[in-house]
Amino acid sequence: MKKQIEIRVPVDYSAITFKKWMKLQKELKNYEGEEDAQNMILVSHLCDLSTDVIMKLDEGTLSKIKQDLYSFLNTTDYKLQRIVKIGDVEYGFEPNLSKMAYGAYLDISKFKDIQMNDDWLSIMQILYRPITKTRGALYEIAPYTGWEEWNKEMWEEVSMNVHFGGFFFFTRLYKTLLKSILNSTMNQMETYPSIKSILEESGEIIHQLSNSPETIYSSLMK
C-alpha cells in the first residue's frame, strides 16, 4: 500500500530560521567535496524529510526540489528590515548609527570581523532594540544597557531573510567605508581594518548610508 506524503519546499529564506541555517552549514561542512551527500543534506534539512523518504523519491521530483532550493539559496538582495516583530514585541534597527550609544559601539568593537555565526546574534541584539515610540515612519528604541542583559537566543528563531538583510547591509557598509577610508588615508591605516576602526572613521558616512540602504545596494551590486 502506497503512502502519500506532503513535501513543503521553501521558496525563500523567510521559511528558514537562523538555528536551522546554522545546523545546515555545519552538516554541509562535514561533507565538503561530496556533492551527492550535500544535496541529500540540503533537501533533508530544508524540507524536513528523512533520508529514507528522500531515497524513495523519483528522480524527477528530487530534481525539481533541488532546483527550487537552489533558485534562492544564493540570493544576496535582501534589504535591511528596520522593524522586526518577535512575539509581541517590535524591535527597531539602530535609527542613527553615527549617534549610536558609546556602550553599543564598544560592544560591537569587541568582534574582530563580521561572520554569520553565534557572534552575529550578539550584533543583532545590539543593533535591534525594543521600539518605545513611533511617529509615522520614524521610531525610537530603548536605550542600550549592555548585550549581556538581552536574550540573544530569541534571534535563533528569526528567519534568515531578516538576518541576511542586516548582514548584507552591515558588510556592504563595511566595504563602502573601507573603500572611502583607504582612498583618504592610504598610507595611514591597515589594509583590513577592524570593526572598531571602521566605526571610528565612519562619522557622517554611516549616518547617510544608514538612512539610505538602497544607495549601498545599487552601487555595490553594479
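Please treat every number below as a calculation from the coordinates, not as lab data. In this text, all values refer to a predicted model and were calculated from it rather than measured experimentally. Cβ: placed from backbone, ideal geometry, glycine included. Neighbour counts: every protein chain shown.
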_Under 5 Å, built H, 5+ apart or other chain: amide partners of GLU90_ = ILE131
_Can you sort SER98, SER122, SER63 from fewest to most other Cβ atoms within 10 Å of each residue's own Cβ?_
SER63, SER98, SER122
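State to the nearest 20 debye the size of the charge dipole of the range 47-120 about its Cα centre, where the only charges are +1 on K and R beta carbons and -1 on D and E beta carbons.
For this selection, approximately 300 debye.
Direction-averaged shadow area of the convex hull around the Cα atoms of the range 1-147, nm²? The partial results should precede the final answer.
Details: hull surface 49.7 nm².
Averaged projected area of the range 1-147's Cα convex hull equals 12.4 nm².
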*Can you list which of the trypsin sites (Lys or Arg not before Pro) found in the range 20-56 are DSSP loop residues with at most 15 other C-beta atoms within 10 Å?*
LYS56
*What are the ³J(HN,Hα) values, in whole Hz, obtained from phi via the Karplus relation 6.51 cos²θ - 1.76 cosθ + 1.60 with θ = phi - 60°, for each residue of the range 20-36 in sequence order, with x given for Gly and Pro?*
5, 5, 5, 5, 4, 4, 5, 5, 4, 5, 5, 10, 4, x, 10, 4, 4
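Calculate the FRET efficiency for THR134 and GLU157 from the Cβ-Cβ distance with a Förster distance of 30 Å, rounded to the nearest 0.05.
The computed FRET efficiency comes out at 0.80.
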*Projected label distance in nm at LYS56 and TYR102, using a 7 Å step from Cα toward the beta-carbon*: 6.5 nm
*Return the Rg/Rh value of the range 13-73, two decimal places, where both radii are evaluated on C-alpha atoms and Rh is the Kirkwood radius.*
0.94
